[in-house]
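The values are calculated or read from the model by the stated rules, or taken from the named source; none is laboratory data. Because the structure is a prediction, the values reported are computed rather than measured. Cβ placement follows ideal geometry from the backbone for every residue including glycine, while neighbour counts extend to all protein chains displayed. To get the accessible areas, we keep the full protein, side chains included, count just its heavy atoms, and leave off ligands, DNA and RNA. Shrake-Rupley method; radii C 1.70, N 1.55, O 1.52, S 1.80 Å.
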Amino acid sequence: MTEKILARVAGLPAVQAGDEILARPDFVIAYDFPGYTDVFFKEAREEFGVDKVPSPERFVLFIDHMVPAAAPKEEELHQITRTWGREQGVPVHERAGIGHQVSAELGYATPGAFAVHFDGHVSQLGAFGTLAMGARKSVLETFVSERMALVVPETVRIEITGTVQPGVMARDIFHHLVRVLGPASCRFKVVELCGPVIDAMSIEGRQTICGQAMFLGATTMLIAPDAKTLEYASGRSRIALDPVYPDPGARYARSVTVDISDLQPIVVAPPSPANTRDLADYVGLEVQMGYLGSCASGRLEDLRAAAQVLQGRRIQPGFQLHVVPTSQAIMSQAASEGLISTLVDAGAFISSSSCDYCYGRIATMADGQRAVSTGTLNTPGRMGSADSEIFICNAAVVAASALEGRIADPRPYLQAGSIA
C-alpha cells in the first residue's frame, strides 16, 4: 500500500523500498506548538524567501495545545497561527478538539492519500487507508516546496487473529503487540495491519492502534479500507482518490501473525511505553488520579466503556478523574447519549477537548502520586513530577480504578461480553 501511494505522489509508475523520491503530500497537517509551526513560518520567509506556501489548499492547522491560553506567550503563539492562516488562505481550526481526530472528521483521512505532520501520532489516519507520516522538522520542506525528499520505507505485515476476551479493548491489543514483537521491531518501517480481529474492530479502535505506531518503532501504520472506512470517508474526503489495497502476493520485509485469544487487560507500567504487563500483576496498587482522553483513547467507545463501569456508582473520595473527549463532536455525541451526565454523576471532572492533560500542562501530579491513564506516554515527568508514576491502561480500567482508588479490574463492573 505504501509503495503504491508514494509512487502516485512522486509521479512515478512504481517505487520500492529503499528508493529515494521527491513526494508531493496531498495534505500537510500541523498544530501550533513552540519551536515548530512558529519556526516554520519564520524560516520559510526569512531563510527561503517564501512568502506564500505552495498549494495552500493542501494545508490545515489546529490549535489544540495550550487551550485555553494560561499565559500571554501562549496566546501570542495562537495569534501568530491565526494571522498566518489568514494571510496564507490556510484553515485554522481552534477549540474543535485534538487535531489528529478532527482532521479525520474534516475529511483529511482520505483513503489512498499521503499526509505529513511533524507529530507521529498522525499515523492514526492510517485507520482509513491514509499514509500519514510524522516527519518532525523535515515538514519545513513542504512550506517552501511542493515536494519533500524521503526514502520509501519497507513494510511489515501484522495479522491479528483470535477471539477478543471480555474487558479487552484496542489499547490492550496494541500494547500486546509491543510486548510480543518488541518496541524496535518495526523501526523505520510501515506496518500494514490486517486480520479478522481488525476486520471486526470499530473505526475508533483502529484509530487507537494506528495512532500508537511509533511505539513499535514504526514510521506509520496502515489498514486497507473496508466498508466501514469507505462509509465514513464518503462525503468527507477532501480530494477524489481511489482507495489503495495491497496486491495478492505482495512482498514484505516481515510478516507475522499474533493470536490474541488469551490476552487479558494490560497495564503499561512506568517508566517506558515498552513496559507492557498483565493488569493482574498490579491490581490493588494505590492510585490518586485518572485521565481518560488523548488522541489515543478519548473516543465514544472509551467514554461508553467508562460510563458502563461508573453507571450508578461514585468514584473514591479524593480520587481525581479527568475525562477529556478527543473532539468537540465526540463531546456532543457523548452528551446526546447521556454518557457525560453518567460520568459527572459518578464524580468525574469533564473538560473540553485539548491535548493539555496528556502532557501535563493541566492536572499535573505531585511527587509520589500515581495515575492510571489512557494518554500516549508514561515516561517520567509526562504528567508533572518526574517522581510520579503513570500506568497506561484502557478506559474501563481507568474507570474501575477511580471507583476503588487503586488499580482495579473492570470486568466485575461490566456486563457480559467484550467492549473492544
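Of note:
- Qualifying residues in region 294-310 (those that are at negative phi and not hydrophobic (A, V, I, L, M, F, W, C)) - the one most open to solvent (accessible area, probe 1.4 Å): Arg304
- Where helices (runs of 4 or more DSSP H) fall wholly inside region 1-95, the ranges with 1 or more residues that are under 23 Å from Tyr357 (Cα atoms) and open to solvent by 20 Å² or more (accessible area, probe 1.4 Å) are 37-46, 72-88.
- From the list Val144, Val122, the one residue that fits, being closer than 19 Å to Val50 by Cβ, β-branched (Val, Ile, Thr) and in contact with a helix residue (DSSP H, G or I) (Cβ under 9 Å, 6 or more places away or on another chain), is Val144.
- Qualifying positions in region 161-179 - surrounded by fewer than 24 Cβ atoms within 10 Å (Cβ to Cβ) and over 16 Å from Ser272 (Cβ atoms): Thr161, Gly162, Thr163, Val164, Gln165, Pro166, Val168
- Among the residues of region 80-101, the ones that are closer than 19 Å to Pro225 by Cα and β-branched (Val, Ile, Thr) come to 0 in all.
- Filter pass, Arg238 being of a type in the set (Lys, Arg), in contact with a strand residue (DSSP E or B) (Cβ under 9 Å, 6 or more places away or on another chain) and assigned to a loop (DSSP other than H, G, I, E, B): yes
- Hey, Gly284 within 22 Å of Met365 (Cβ to Cβ), at pLDDT 95 or above, of a type outside the set (D, E, K, R) and not in a loop (DSSP other than H, G, I, E, B) or not: no
- Tally, over region 341-393, of residues that are closer than 27 Å to Gly120 by Cα, free of Cβ contacts under 8 Å to residues at least 60 places away in the same chain, open to solvent by 40 Å² or more (accessible area, probe 1.4 Å) and small (Gly, Ala, Ser): 1
- When region 252-281 is filtered for residues that are part of a loop (DSSP other than H, G, I, E, B) and in contact with a Ser or Thr (Cβ under 9 Å, 6 or more places away or on another chain), the ones remaining, listed by number, are Tyr252, Ala253, Ile260, Ser261, Ala269, Pro270, Pro271, Ser272, Pro273.
Matching residues to (1) modelled with pLDDT of 95 or more; (2) among the charged types (D, E, K, R); (3) more than 18 Å from Lys189 (Cβ to Cβ):
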{"residue": "Glu3", "(1), (2), (3)": "yes, yes, no"}
{"residue": "Ala7", "(1), (2), (3)": "yes, no, no"}
{"residue": "Pro13", "(1), (2), (3)": "yes, no, yes"}
{"residue": "Gly18", "(1), (2), (3)": "yes, no, no"}
{"residue": "Ala23", "(1), (2), (3)": "yes, no, no"}
{"residue": "Val28", "(1), (2), (3)": "yes, no, yes"}
{"residue": "Phe33", "(1), (2), (3)": "no, no, yes"}
{"residue": "Tyr36", "(1), (2), (3)": "no, no, yes"}
{"residue": "Val39", "(1), (2), (3)": "no, no, yes"}
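- Condition met for Asp409 (free of Cβ contacts under 8 Å to residues at least 60 places away in the same chain and either in a loop (DSSP other than H, G, I, E, B) or open to solvent by 10 Å² or more (accessible area, probe 1.4 Å) (or both)): no
- Among residues of region 181-203 being of a type outside the set (A, V, I, L, M, F, W, C) and under 23 Å from Phe114 (Cβ atoms), the one that is least open to solvent (accessible area, probe 1.4 Å) is Glu192.
- Each residue in region 232-291 was checked for being in contact with a Gly (Cβ under 6 Å, 6 or more places away or on another chain), among the small types (Gly, Ala, Ser) and open to solvent by less than 40 Å² (accessible area, probe 1.4 Å), and 1 pass.
- For region 342-389, the set of residues classified as touching a Pro at 6+ places or on another chain (Cβ under 7 Å) and over 22 Å from Gln328 (Cβ atoms) consists of Leu377, Asn378, Thr379, Pro380, Ala386, Glu389, listed by residue number.
- If you check Val102, Val116 for being modelled with pLDDT of 95 or more, closer than 30 Å to Ile198 by Cβ, in a helix (DSSP H, G or I) and in contact with a strand residue (DSSP E or B) (Cβ under 7 Å, 6 or more places away or on another chain), only one passes: Val102.
- Within region 140-160, if we keep just the residues that are over 21 Å from the mean Cα position of the chain (by Cα), open to solvent by less than 30 Å² (accessible area, probe 1.4 Å) and of a type in the set (Val, Ile, Thr), the residue that is farthest from Arg251 (Cα to Cα) turns out to be Thr142.
- Of all residues in region 124-175 being without any contact (Cβ under 8 Å) to a residue 24 or more places away in the chain and in a helix (DSSP H, G or I), the one that is nearest to Ile209 (Cα to Cα): Arg136
- Every residue from region 209-231 that is part of a strand (DSSP E or B) and either open to solvent by 20 Å² or more (accessible area, probe 1.4 Å) or among the aromatic types (Phe, Trp, Tyr) (or both): none
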